[in-house]
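Below you'll find the structure, written out as C-alpha cells, and then a few comments.
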Amino acid sequence: MKKYTQEELDQELKNGVRDFSRASYGSKNFNTKDLKGANFAHSKLMNANFAGADLTGANFEYADLYGANFIACNLTNANFKGAQLQNLQIKHCNFTGASFIEAKFEEYSSNPFRTVDKLQGVILEKVEIFPGWVLTKKEGITDE
C-alpha cells in the first residue's frame, strides 16, 4: 500500500486524479476539493480532512476512515459498504442516497448522524452503530 505525502496528494489532485484506492492518506487534506466520483476503496484515510469537499458518488468501500473530518461535505450517493467509520467528525453533510451496507461505526456513544443535514434515501443495511447494535432494515431513512 503506497503512502502519500501531502505534496504528492496535492499534485495528484491538481492533475485531476480521482483514483485514490488501495493507498494510505493519513492526516492529509482533501478539503474544498472537487472529488465527485473519487475512488477511495480499500484505502487508509486516518484523520483525513474532507471538510467542504464535494464527494458526490465517491466510493469508500472497505476504507478505514478513523478520525476523518466530513464537516460540510456533499456525500450524495456515496458508497461506504463495509467501511470502518470510527471517531468521525460528521456535521452539516448531505448524505442523500448514500449507502452504508455492512459499515461499522465504532467509538460512538450516540447516533453518529445526529448533526447531519440530509439523510433522505440513505441505505443502512447490516450497519453496526454501537457494539452489538446492528441496523438490519433495507429501507432508507428520511430526515422528515
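Since every read-out is calculated from the coordinates, none of them should be taken as a lab result. Every value quoted in this text rests on a predicted model; they were computed, and no experiment measured them. All Cβ positions, even for glycine, are placed from backbone atoms using ideal geometry, and neighbour counts span all protein chains on display.
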Ranked by how many other beta carbons lie within 10 Å on average, peptides 1-9, 49-57, 88-96, 16-24 from highest: 49-57, 88-96, 16-24, 1-9
Cα point-scatterer Debye curve for region 1-69, base-10 log of I(q)/I(0) at q = 0.12, 0.16, 0.23, 0.26 Å⁻¹: -0.24, -0.44, -1.00, -1.36
Pairs beyond 18 Å (Cα-Cα), from Lys3/Lys44; Lys44/Lys104; Lys28/Lys81; Lys33/Lys104; Lys2/Lys36; Lys33/Lys81: Lys28/Lys81; Lys33/Lys104; Lys2/Lys36; Lys33/Lys81
Around Lys81: net Lys/Arg minus Asp/Glu count, Cβ-Cβ under 9 Å: -2
Under-5 Å amide H pairs with Ile71, H placed in peptide plane, nonlocal only: Phe50, Ala51, Gly52, Lys91
Note, ³J(HN,Hα) from phi for region 48-54, Karplus 6.51, -1.76, 1.60, rounded to Hz, x at Gly and Pro: 5, 10, 10, 3, x, 7, 8
